[in-house]
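Novice: Questions regarding the structure given below will be posed in turn.
Just so you know, all these numbers are worked out from the coordinates, no wet-lab data involved. Note that this is a predicted model, so its numbers are computed, not measured. Glycine also receives a Cβ, built like all others from the backbone with ideal geometry; neighbour counts cover every protein chain displayed.
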Amino acid sequence: MTPQSSFLRTWLIWTAGFLAFPIAGLAGTAVVGRVNDPLAALLGGTATGVVLGAAQTLVSRRRLDPRRWIPATGIGMGVGLLVGAVAVDYGTSLGELALMGFLTGIVLGLAQALALPRQTRLRWLWAAALPVLWSLGWTVTTLGGISVDNQFTIFGAYGALTFSALSGLLLHHLLPYEAVVPPASTPTPAKSTT
């Protein structure tokens, strides 16, 4: 497998992980309903983050350790959504959701950057990019006509696809996937039957 095809396959698998965002959102909604008070933001964000973190470890091709990534994503989402939602007073206009996403992304980005494997190059780039990417996710979702006035815990499929595609490029830069190639086996001499 060439490095280009390995990159493309890894990026496509990570990008396909956008399907986990609506599932994570359903988990958050099942726990708290609308994000319209601090407790709902904290608990709904945490539930959403745990499901999202689990899905991201599955599509990471073993680059992310679930023991670190899932709790970091759950805590980062819970605290981040609490900060973001309270800051915009649970508003759902385009500007409010973009700001809420930015603030959520600050906390989530820091938590996930700390959960990246130790050998990750320039992990601070993940922390710096997440506020922008999370804000972009809410912006694309809102512009896509999704009923964001329902006060969801996470942006919809349009924003998730955008986030996943862009974050997949960044993750590959920070933590390239290296296929494990088994060592070539050496043939064993045939045994004589005489």
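Novice: Order of 69-76, 87-94 by packing, highest average Cβ count within 10 Å first?
Specialist: Numbers: 69-76: 22.5, 87-94: 14.5.
Taking the mean over residues of other Cβ atoms within 10 Å, the ranking is 69-76, 87-94.
Novice: Could you derive backbone 3J(HN,Hα) for the range 13-20 from the dihedral phi with the Karplus parameters 6.51, -1.76 and 1.60 (θ = phi - 60°), listing whole Hz in sequence and x where the residue is Gly or Pro?
Specialist: Running phi through 6.51 cos²θ - 1.76 cosθ + 1.60 with θ = phi - 60° gives 5, 4, 5, 4, x, 4, 5, 6 Hz.
Novice: How big is the dipole moment of the chain about its Cα centre under a simple scheme where the beta carbon of each Lys and Arg is +1, that of each Asp and Glu is -1, and everything else is neutral? Debye, nearest 20, please.
Specialist: Numbers: 11 positive and 6 negative charges, 198 e Å.
With Lys and Arg at +1 and Asp and Glu at -1, about 960 debye.
Novice: Follow-up question, since we're still on this one. Between Gly33, Gly144, Gly17, which gets the highest mean-square fluctuation from a Gaussian network model of the chain, Cα cutoff 10 Å?
Specialist: Among Gly33, Gly144, Gly17, the largest GNM mean-square fluctuation belongs to Gly144.
Novice: Percent relative contact order of the chain, based on C-alpha pairs within less than 8 angstrom and at least six residues apart? Let's see the in-between values first.
Specialist: Details: 342 pairs, mean separation 48.5, N = 194.
In percent, rounded to a whole number, it is 25.
Novice: Under a crude label model (7 Å from the Cα following the beta-carbon direction), how far is Gln119 from Ala16 in nanometres?
Specialist: Between Gln119 and Ala16, the simple spin-label model gives 2.5 nm.
Novice: May I ask for the net charge around His173, where only other residues with Cβ less than 13 Å from the Cβ of His173 are counted and Lys, Arg are +1 while Asp, Glu are -1? Walk me through the numbers on the way to the answer.
Specialist: Numbers: positive: Arg63, Arg121, Arg123; negative: none.
Net charge in that neighbourhood comes out at +3.
Novice: Now a separate question. Given the options Leu170, Leu130, Leu99, which has the most mean-square fluctuation in a GNM of the chain, springs set between C-alpha atoms less than 10 angstrom apart?
Specialist: Result: Leu170 has the largest fluctuation of those listed.
Novice: With unit charges on the beta carbons (Lys and Arg positive, Asp and Glu negative) and the dipole taken about the Cα centre of the chain, which residue among Gly156, Val35, Gly168 sits farthest to the positive side?
Specialist: My answer, from the dipole projection, is Gly168.
Novice: Further, regarding this structure: Expected output is a single nm value to one decimal: the length gained when fully extending between Ala87 and Ala30, i.e. 0.36 nm times separation in residues minus the C-alpha distance. What is it? Mind dumping the intermediate values first?
Specialist: Working: separation 57, 0.36 × 57 = 20.52 nm, distance 2.34 nm.
Difference between extended and current length: 18.2 nm.
Novice: Specify the residue with the greatest mean-square fluctuation among Leu43, Leu19, Leu133, computed from a Gaussian network of the chain linking alpha-carbon atoms under 10 Å apart.
Specialist: Leu19
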